[in-house]
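The values are calculated or read from the model by the stated rules, or taken from the named source; none is laboratory data. Everything numeric in this text was worked out from a predicted model, so none of it was measured. For neighbour counting, all protein chains shown are included, and Cβ atoms are generated from backbone atoms with ideal geometry for every residue, glycine included.
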């Protein structure tokens, strides 16, 4: 099987149903942004040495891949879906990391070390993915659990950046107004 099909050469792409839509369609924007997030999440995972965190991040990559597939599937009764515990699992991970963090007394600017910056890039792309999915949900039925999951995932990336700063003994960059 060849990687290139030439079916998108005129600015259209196919959904699972076979329907062709423009590559700028809000559905493509939604699953494309989820795919972009997944790629940056892989980069973040490559910069983390802790095996438990790497495993946790790999699980999120698998969730994002399934989510992207679900967003590209316009057929009724989608075969791809997130596990029911996806958002609550993130909440538990957030709580676990947050328990050892100093109280927030300031806004945190992205930066301080490449791994922290990568976590913040994932956070901001995740927020964009959430916006794209919410926009798509105005026209097609989207499982509310997807939006909740993306909201928690962006929170997870923020807390992860703070957790990594603490573990690596990197001072957080405070926003000074």
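Remarks
- Filter result for residue 14 (farther than 22 Å from residue 134 by Cβ and either in contact with a helix residue (DSSP H, G or I) (Cβ under 7 Å, 6 or more places away or on another chain) or surrounded by 10 or more Cβ atoms within 10 Å (Cβ to Cβ) (or both)): yes
- Residue in the stretch 150-172 that is touching a residue at least 60 places away in the same chain (Cβ under 8 Å), buried (at least 19 other Cβ atoms within 10 Å of the Cβ) and not in a helix (DSSP H, G or I) present: yes
- Out of 124, 138, sole residue that is surrounded by fewer than 20 Cβ atoms within 10 Å (Cβ to Cβ), in a loop (DSSP other than H, G, I, E, B), without any contact (Cβ under 8 Å) to a residue 40 or more places away in the chain and out of contact with any helix residue (DSSP H, G or I) (no Cβ under 6 Å at 6 or more places or on another chain): 138
- Some residue of the stretch 73-86 being within 30 Å of residue 167 (Cβ to Cβ) and free of Cβ contacts under 8 Å to residues at least 24 places away in the same chain: yes
- Within the stretch 17-36, considering residues that are in a loop (DSSP other than H, G, I, E, B) and touching a strand residue (DSSP E or B) at 6+ places or on another chain (Cβ under 9 Å), the one surrounded by the fewest Cβ atoms within 10 Å (Cβ to Cβ): 23
- When each of 66, 79 is tested for being modelled with pLDDT under 95, within 25 Å of residue 15 (Cα to Cα) and over 12 Å from the mean Cα position of the chain (by Cα), the lone residue that passes is 79.
- When the stretch 92-103 is limited to residues that are without any contact (Cβ under 8 Å) to a residue 40 or more places away in the chain and assigned to a loop (DSSP other than H, G, I, E, B), the one that is surrounded by the fewest Cβ atoms within 10 Å (Cβ to Cβ) turns out to be 103.
- Each residue in the stretch 37-55 was checked for being surrounded by fewer than 18 Cβ atoms within 10 Å (Cβ to Cβ), touching a helix residue (DSSP H, G or I) at 6+ places or on another chain (Cβ under 7 Å) and either in a helix (DSSP H, G or I) or at positive phi (or both), and 3 pass.
- Any hit, the stretch 104-117, residues being under 22 Å from residue 61 (Cα atoms), surrounded by fewer than 18 Cβ atoms within 10 Å (Cβ to Cβ) and out of contact with any strand residue (DSSP E or B) (no Cβ under 9 Å at 6 or more places or on another chain): yes
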